[in-house]
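The values are calculated or read from the model by the stated rules, or taken from the named source; none is laboratory data. Predicted model, so just to flag it, every value in this text is computed and none were measured. Methodologically, a virtual Cβ is constructed for each residue, glycine included, from the backbone with ideal geometry; neighbour enumeration extends over all protein chains shown. Keep in mind that these areas ignore ligands, DNA and RNA; they rest on the heavy atoms of the full protein, side chains included. Shrake-Rupley method; radii C 1.70, N 1.55, O 1.52, S 1.80 Å.
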Amino acid sequence: MAPMTRYRRARERTYEVLEKAAEGDRLSQAVDITIIAVILANGAAVVLESFDGLYDRYAGWFFALELVSVALFTAELALRLWTCDLRRPGGSWPGAVVRFLVSPIGIIDLLAILPFYLPLLIPVDLRVVRVLRLVRFLRLLKLTRYTRSVATMAAVVRERRHELMVAVFLTSILLVVASTLMYYLESKVQPEAFPNIVASLWWAVATLTTIGYGDVFPVTGMGRLLSGIIAVLGIGLVALPTAIISSGFVEALARKPEAAEAEPPAAVAARFCPHCGKPLDAVGGTGNAIKESV
């Protein structure tokens, strides 16, 4: 086998292993399980570190987990950059690298390792280091590669992004209007509770979402009337994004059985040569003859 052929095959095999495991690919399945286990361990570590004295007692174990995680995620990112052009054959490798790094999943991969490397490269304040340690919790977002339900939800959000933007826009307008009106109604009576429109926005959020903490509330008649109207509007308006996502999720789940029934696995397999794996259209009459003989 020529060196270039071995190199190309190594890249293709690496790409197959890093992608979601195909049925029967034990190496890819083992890699997926290992990465998922490390991601979950990192999430658990962030939670356990919040207990008093626990981090000081097991600091060595936490640091060892961090080193193993960073080494694994760095190697994974490097290999994904090496093979990222195979996702869209025909394009240039530098362009594929740029597209990957600016994609949501690429940004998540970078955030998974940057909190470790950044303090080593740039002198930063210890308070910044503590904040960067919290960013490690974003490693849980790497599960989107391996969890079908999360991937489906992300697809639904992309599909319904226009409807969601309209709902968010309407909610934002209502929040600004409500906080402005409440400021002019209550600021003279309660200057400490409603000192400005921005501070009044906290009351508008708590009321519109029907949480009602009770730390800030109107005392005038008009203020209470406005508060009641905002609370009633919030019941439907805040639930609107949830309804949009829920309906899209139901539609996505309903489409999957239809797609599976539209073309059974046997029909899909029959379109490919059982010997070389190429589409029968690509191998021409020889492929048809093989199909008939099989």
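Label sites at THR242 and ARG158, each approximated as a point 7 angstrom past Cα along Cα to Cβ, lie 2.7 nm apart. The candidates TRP82, TRP93, arranged from most to least accessible area with a 1.4 Å probe in the full protein assembly, appear as TRP93, TRP82. Mean sequence separation of contacting Cα pairs (under 8 Å, at least six apart), scaled by the length of the range 1-60, corresponds to a relative contact order of 16 percent. Selection among ALA22, TYR55, VAL38 by position relative to the dipole of the range 9-62 gives ALA22 as farthest towards the positive end (Cβ unit charges, Cα centre). Look at the alpha carbon pairs under 8 Å that are at least 6 residues apart: their mean separation over the length of the range 142-224 gives a relative contact order of 23 percent. Phi angles across the range 96-105 convert, under the Karplus curve 6.51 cos²θ - 1.76 cosθ + 1.60 with θ = phi - 60°, into 3J(HN,Hα) values of 5, 5, 4, 4, 5, 5, 8, 6, x, 5 Hz, Gly and Pro given as x. Here VAL176 sits with roughly 80 square angstrom of accessible surface, probe radius 1.4 Å. Taking amide hydrogens as placed 1.01 Å from N in the peptide plane, the amide H of ARG87 sits under 5 Å from that of no residue at least 5 positions away in sequence or on another chain.
Taking every C-alpha pair closer than 8 Å and separated by at least 6 residues, the mean separation divided by the residue count of the range 1-129 gives a relative contact order of 21 percent.
Measuring nothing but protein heavy atoms, the accessible surface of the range 30-126 at 1.4 Å probe radius is 75 percent carbon and sulfur.
Name all residues of the range 179-208 having a backbone nitrogen under 14 Å from the label point set 7 Å from the Cα of VAL219 along its Cα→Cβ direction, giving them as ranges. 186-195, by backbone N distance to the label point.
Using 0.36 nm per residue and subtracting the Cα-Cα separation, the extra length available between LEU101 and LEU170 on full extension is 21.6 nm. Shown in residue order for the range 171-176 are the 3J(HN,Hα) couplings computed by the Karplus curve 6.51 cos²θ - 1.76 cosθ + 1.60 at θ = phi - 60°: 5, 5, 4, 4, 4, 5 Hz (x for Gly and Pro). Each label point was placed 7 Å from the Cα along the Cα-to-Cβ direction; for ILE235 and VAL47 their separation is 3.5 nm. On the beta carbon distance between ARG148 and TRP61, with R0 = 30 Å, the FRET formula returns roughly 0.40. Accessible surface area normalised per residue over the range 1-84 is 62 Å², counting heavy atoms of protein chains with a 1.4 Å rolling probe.
Here the range 70-89 is scanned for amide nitrogen atoms under 16 Å from the site 7 Å beyond the Cα of THR5 along Cα-to-Cβ, giving none. Site pair ILE122 and ARG13 shows an inter-label distance of 4.0 nm when each label is modelled 7 Å from Cα along Cα→Cβ. Using a probe of 1.4 angstrom and keeping all protein chains present, the accessible surface of the range 145-212 works out to 60 square angstrom per residue.
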